[in-house]
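K.L.:
Would you mind keeping the following structure in view while I ask a few things?
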Amino acid sequence: MIEIHSRIPSHAGGVEVRGTLKLAFDQRQKSRQRARLASGEEVALLLPRGTMLRGGDLVGASDGRVIEVVAEPEQVLHVECATPADLARAAYHLGNRHVPVHVGQGWLRIGADHVLAVMLKNLGAVVTPIEAPFE
């Protein structure tokens, strides 16, 4: 089994990517775990504690390969509001509950949660369940 010990700076030029590692949001938060490359090969993530991976990050494997991390699509709630102030209010209420939020241009995304969906709808938000990468 190959081991992944380090993240490669994204500005490193001339790097040839020779594998992909698809991970959901929760998996990208863990610095120590087993996973599988898209090829099916098993890898061990042994990153420094506290390392968080994002889609597009590059990591170095013990056999010299450079592997790209791909944010795997997952079930999320896509939240839109009529005004920027309403969107900020929705974000405030989510933050007050310590919910991870993916912030985009005019939208928010959170992990699928029916209780939070009801709260957001009561705040006037349009909540749509979709499958998308979560950052």
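The values are calculated or read from the model by the stated rules, or taken from the named source; none is laboratory data. This structure is a prediction, so every number in the text was calculated from the model and none was measured. Cβ: placed from backbone, ideal geometry, glycine included. Neighbour counts: every protein chain shown. Ligands, DNA and RNA are excluded from the accessible area calculation, which covers all protein heavy atoms including side chains. Shrake-Rupley method; radii C 1.70, N 1.55, O 1.52, S 1.80 Å.
K.L.:
Within segment 126-134, identify whether any single residue is of a type in the set (V, I, T), surrounded by 17 or more Cβ atoms within 10 Å (Cβ to Cβ), in contact with an Asp or Glu (Cβ under 9 Å, 6 or more places away or on another chain) and under 30 Å from E3 (Cβ atoms), and answer yes or no.
P.N.:
no
K.L.:
Could you go through segment 1-9 and let me know if any residue there is of a type outside the set (D, E, K, R), open to solvent by less than 40 Å² (accessible area, probe 1.4 Å) and assigned to a loop (DSSP other than H, G, I, E, B).
P.N.:
no
K.L.:
Search segment 44-86 for residues being of a type in the set (S, T, N, Q) and over 30 Å from V127 (Cα atoms), and hand back the single one that is surrounded by the fewest Cβ atoms within 10 Å (Cβ to Cβ).
P.N.:
Ranking the candidates gives S62 first.
K.L.:
So which residues in segment 16-32 are surrounded by 14 or more Cβ atoms within 10 Å (Cβ to Cβ) and either farther than 16 Å from V70 by Cα or not aliphatic (A, V, I, L, M) (or both), if there are any at all?
P.N.:
Residues satisfying the conditions are R18, G19, K22, F25, Q27, R28, Q29, K30, S31.
K.L.:
Given (1) touching a strand residue (DSSP E or B) at 6+ places or on another chain (Cβ under 6 Å); (2) in contact (Cβ under 8 Å) with a residue 40 or more places away in the chain, where does E74 come up short, assuming only one miss?
P.N.:
Unmet condition: (1).
K.L.:
Can I ask one more? With A91, A117 as the choices, which residue is open to solvent by 30 Å² or more (accessible area, probe 1.4 Å), in a helix (DSSP H, G or I) and among the hydrophobic types (A, V, I, L, M, F, W, C)?
P.N.:
A91
K.L.:
Next question. Restricting attention to segment 66-87, which residues are closer than 30 Å to I4 by Cα and outside any strand (DSSP E or B)?
P.N.:
E72, P73
K.L.:
Right, here's the next one. Within segment 10-58, how many residues are assigned to a loop (DSSP other than H, G, I, E, B) and not β-branched (V, I, T)?
P.N.:
Of the residues in segment 10-58, 25 are assigned to a loop (DSSP other than H, G, I, E, B) and not β-branched (V, I, T).
K.L.:
When segment 33-43 is examined, which residues are found to be open to solvent by 60 Å² or more (accessible area, probe 1.4 Å) and polar (S, T, N, Q)?
P.N.:
Across segment 33-43, the qualifying residue is only S39.
K.L.:
Just to be sure before I move on: is I110 of a type outside the set (D, E), buried (at least 18 other Cβ atoms within 10 Å of the Cβ) and over 23 Å from S10 (Cα atoms) in the structure I sent?
P.N.:
Yes: the conditions hold for I110.
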